[in-house]
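Please treat every number below as a calculation from the coordinates, not as lab data. Just so you know, these numbers come straight off a predicted model, no measurement behind them. Counting neighbours? That spans all protein chains shown, and the Cβs are built from the backbone with ideal geometry, glycine included.
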Amino acid sequence: MPAGPREAVFTTLLFRPERGVADLHLHLARLQVHAQALRLNPDMDTALEALTEACQGRLTEGLVRLTWSNDEWTCSVRERLSLTDVDAITAPAPRWAGRINGTKHGAWSWASEMAEKGEAMGADAVLMVHDHRIVDERRATPLLLDDDGVVWAAPEEDGGVASITLKTITNALSAAGLPVQRGHLNERRVARATAMVLVGTGLGVASVDTVDGVTFASPSQRLVDVCRVAYEAHMADEATWTSLWGAR
């Protein structure tokens, strides 16, 4: 991938051979927002064709990275590693100029570097920290359940990527009595948390057991259980999927 942030924009979608790709319209809508911030003008009319060609002949589930760069679409497909529970470490979040923060851009090598850092420490997840607060995770969105039963997600102005997965399960969380609030995931809020859950296209839904080796006081299963039910219901919904083979 190109080194400069304004040289590319991308999104990563879940592919299943019997279903197609999940949440295509949400992914493309977010990609367009990011492209505008990056001053790129992708040809959205040909994105589905690029995805179809990349997944042709693939017989197993995978993650498809759809990238616009050098005035063309490219795709890469990799295996999906979904985990039910993880150990996390923290690391400094990369920061970019102004509107670049929060976009999926061309200088994304930092994510691989964070993955290597996590692997070296035996961690499955790396929580990105800026100004003494968690702003994102390298491949998912963190949610906190505090001791008052409130679910917290970092505000977008903190610089994290807006989560497609969180958007698709927010209504179900609210219906289950767990409405999502936006607020800084600072040290005080994390210390009061009874659970942390990661949600994302690549990971699915995973419970965070430890952060930098520290467990949560009075851990609760409620948030992860509700997230999993909501996520599985969304994945089972026919409307979630766009068939690639019917696109031709």
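Observations on the model:
- Look at the dipole of the chain built from charges on Cβ: of 108, 226, 88, the Cα furthest out on the positive end belongs to 108.
- FRET efficiency for residue 147 and residue 233, using Cβ-Cβ distance with R0 set to 25 Å, rounded to 0.05: 0.35
- Over the chain, the reciprocal of the mean inverse Cα-Cα separation, the Kirkwood hydrodynamic radius, stands at 18.6 Å.
- The helix-based estimate of mean residue ellipticity at 222 nm for the chain, built from -39,500 (n - 2.57) per DSSP H run of four or more residues and divided by its residue count, is -8500 deg cm²/dmol to the nearest 500.
- Extension gain for the segment residue 120 to residue 70, taken as residue separation times 0.36 nm less the Cα-Cα distance, is 14.6 nm to one decimal.
- Rounded to the nearest 20, the size of the Cβ-charge dipole of the stretch 5-80 about its Cα centre is 340 debye, with Lys and Arg at +1 and Asp and Glu at -1.
- When the Cα atoms of the stretch 5-80 are aligned to their principal axes, the ranges along those axes come out at 36, 22, 21 Å in descending order.
- Fewest-first ordering of 211, 33 by other beta carbons within 10 Å of each residue's beta carbon gives 33, 211.
- Residue 234 sits among other residues whose Cβ lies under 12 Å from its own Cβ, and their net charge, with Lys and Arg +1 and Asp and Glu -1, is -2.
- Förster-model FRET efficiency, 30 Å R0, residue 212 and residue 176, C-beta, rounded to 0.05: 0.50
- When the GluC sites (Glu not before Pro) in the stretch 145-248 are filtered for DSSP coil states and for at most 14 other beta-carbon atoms within 10 Å of their beta-carbon, no site remains.
- Our summary gives the chain a relative contact order of 23 percent, counting only alpha carbon pairs under 8 angstrom and 6 or more residues apart.
- Protection proxy ranking for 217-223, 17-23, using the average of other Cβ atoms within 10 Å per residue and placing the highest first: 17-23, 217-223.
- Using θ = phi - 60° and Karplus 6.51 cos²θ - 1.76 cosθ + 1.60, couplings along the stretch 224-240 (whole Hz; Gly, Pro as x): 5, 5, 5, 4, 5, 4, 5, 5, 5, 5, 5, 5, 7, 7, 4, 5, 5
- Each peptide in 143-154, 83-94 was scored by the mean count of other Cβ atoms within 10 Å over its residues; highest first, the order is 143-154, 83-94.
- The relative contact order of the stretch 5-80 comes to 39 percent, based on Cα pairs under 8 Å that sit 6 or more residues apart.
- As a proxy for reagent exposure, ranking 167, 104 by other Cβ atoms within 10 Å from fewest up yields 167, 104.
- Sites residue 39 and residue 61 - FRET efficiency at Förster radius 30 Å, r taken between beta-carbons, to 0.05: 0.30
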